[in-house]
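So the structure is just underneath, and the comments pick up after that.
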Amino acid sequence: NLITSFSIFNSPFSIPLSYLCVMIDQATIQKIFDAADIYEVVSDFVSLKKRGVNYLGLCPFHNEKTGSFTVSPAKGIYKCFGCGKGGNAVNFIMEHEQMSYVEALKYLAEKYHIPVEEKELTEEQRKEKTERESMLIVSSYANEYFQYQLWNTDEGRSVGLGYLRQRGISDEMIRKFGLGYNPEGWGAFTKAAQEKGYKKEFLVKTGLTIENEKGFFDRFRARVMFPVFDLAGKVIAFGGRTMTTDKKISKYLNSPESEIYHKSKTLYGIFLAKKSIVQQDRCILVEGYTDVISFHAKGIENVVASSGTSLTIEQIRLIRRLTPNVTIIYDGDAAGIKASLRGIDLVLEEGLNVRVLLLPDGEDPDSFARSHTPQDLADFIANNETDFINFKTKLLLGTAGDDPVERARLITDIVRSIAKIPDNIVRSVYVRETAHQLDVEERVLYTEIAKVRLKNEEQPSKTSVTTPEL
């Protein structure tokens with residue numbers, strides 16, 4: 001078994017576990033359950049104070065001022081009497097770290113130094129497991145290398161670090177997000193990786209190195225590097241922002257799809273945001289890397305960004321694992337907003353509660369966050385976010401005016417959105433509010449919604465939704 005920890009220069013990130021593609025035998029599972037001390041496990045994440053035979057602390061799963069989170073070493077369980085969540089040590093790690101059952105078992109196995117005995121894997125399973133682990137190890141090394149280049153070389157400090165600081169990104173945030181730099185030249189990283197013993201095969205498979213008839217060379221050259229982490233904190237990809245002025249070179253370059261990186265299943269910032277998303281019971285969706293970083297700098301951490309122009313079913317379900325509530329932030333571009341609204345129905349269909357926040361003209365999440373104090377930013381979000389259906393209705397009403405044809409088209413559009421909502425009670429609330437806004441009878445909306453839902457059941461659903469471009 002390979003259960004290894006990797007340090008990363010100037011960064012709190014690590015890969016604490018081998019990648020999961022394993023079958024753990026029952027005897028090992030029992031050893032893990034027997035060894036896992038609920039107090040020791042929980043106290044890694046929560047400050048606990050002794051109260052009689054139990055321990056008390058603030059619940060990590062919801063906001064509270066008075067502790068209602070109890071840990072019972074005698075019973076081996078935790079229980080929050082505020083939000084109701086409870087379970088054993090494995091349940092806690094699954095819930096708090098958003099891990100699968102097997103991932104949580106392996107986490108605890110490492111903590112208690114228990115060798116993980118695996119059932120016999122097929123040759124194909126063994127090969128896949130080894131390949132994925134090797135790609136993750138290469139990606140982790142790449143992140144170390146890029147950060148070292150940023151902080152410890154003349155080019156990195158003057159070009160990369162200079163750019164980030166000029167953008168208003170503090171050293172604290174640079175380290176927090178593991179930002180780095182890959183220098184000019186065709187093969188500095190590839191050469192360094194090979195000298196460290198990393199195989200070309202996995203350098204190529206991760207997309208860090210490109211192979212052609214002339215040989216091997218770096219994909220990212222003279223670029224500030226943004227590592228992309230999965231939900232468990234493993235480096236799976238990179239985004240690179242060019243530092244050259246050559247207009248023929250793409251401003252942004254991303255890792256290609258690979259065995260460990262699927263853009264449609266990834267949200268930038270999810271690893272750093274997951275705890276706050278659970279505690280705040282809301283996920284804020286913004287446009288790009290620097291938007292996420294700027295919000296963190298202001299103390300708002302429940303923020304993620306889509307890795308492309310479309311929010312996919314997989315990304316929506318990733319958010320839903322953490323919270324059913326989403327706030328999408330748009331800049332003031334009316335045309336862009338209308339284009340995006342057409343796709344939010346998919347989010348509603350997945351049962352999420354969607355709110356919208358419209359920024360002033362000329363602002364984007366990055367610039368707006370940087371120009372406001374933490375309190376002003378938090379207040380603006382709280383005071384200006386609005387329910388998606390109401391927002392959409394008001395926006396389209398303003399466009400339709402008194403034109404009866406346009407108003408009919410508007411009603412059809414709103415009905416289509418409400419029909420996507422799976423919860424009957426939520427739908428009925430929206431019907432009542434929308435009927436009042438549109439000055440139509442509720443029964444008319446109910447009739448049209450029934451038609452749309454019947455039609456939707458006969459058609460395959462779409463798999464992506466347009467969101468603000470990164």
- Message: Using 24 Å as the Cα-Cα cut-off, could you pick out the over-long pairs in Lys106/Lys200; Lys49/Lys176; Lys263/Lys455; Lys127/Lys200; Lys111/Lys298; Lys106/Lys275?
- Response: Lys106/Lys200; Lys49/Lys176; Lys263/Lys455; Lys111/Lys298
- Item | Normalised contact order of the chain, rounded percent, pairs of Cα under 8 Å and 6 or more residues apart | 11
- Using θ = phi - 60° and the Karplus form 6.51 cos²θ - 1.76 cosθ + 1.60, what ³J(HN,Hα) does each residue of the range 90-106 get, whole Hz, x for Gly and Pro? 5, 4, 4, 5, 4, 6, 6, 9, 6, 9, 6, 4, 5, 4, 5, 4, 5
- Note on the structure: Rounded to the nearest 5, the percent of antiparallel DSSP beta bridges in the range 267-466 equals 35
- Quick calc, the chain, dipole around Cα centre from Cβ unit charges on Lys, Arg (+) and Asp, Glu (-), nearest 20 debye, gives 440
- So for the chain, what percent of the C-alpha to C-alpha distances run longer than 43 Å? 23
- If the cut-off is a Cα-Cα distance under 16 Å, which lysines reach Lys75, setting aside same-chain residues fewer than 8 apart in sequence? Lys50, Lys85
- Which listed residue (Ser139, Ser68, Gly87) has the Cα farthest towards the positive end of the charge dipole for the range 28-144, taking +1 on Lys and Arg C-beta and -1 on Asp and Glu C-beta about the Cα centre? Ser68
- Note on the structure: Note, Ser264: beta-carbon cut-off 12 Å, +1 each Lys/Arg, -1 each Asp/Glu, net +1
- How large is the charge dipole for the range 267-466, taken about the Cα centre, if only the Cβ atoms of Lys, Arg (+1) and Asp, Glu (-1) carry charge, to the nearest 20 debye? 700
- Note on the structure: Expressed as a percent, the portion of alpha-carbon pairs in the range 26-111 spaced more than 21 Å apart is 25
- If we restrict to alpha carbons, what Rg and Dmax does the range 123-261 come to, in Å? 15.0, 51
- Query: Per residue, what volume in Å³ does the convex hull of the Cα atoms of the range 398-447 enclose?
  - Reply: 73
- Query: How big is D for the range 267-466, in µm² s⁻¹ as a whole number, if Stokes-Einstein is applied with the Kirkwood radius of its Cα pairs at 37 °C and 0.692 mPa s?
  - Reply: 186
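Bear in mind these aren't lab numbers, they're just calculated from the coordinates by the rules spelled out. Note that the structure is a prediction, hence the values are computed from the model and not measured. Ideal geometry is used to build each Cβ from the backbone, glycine not excepted, and the neighbour counts take in all protein chains shown.
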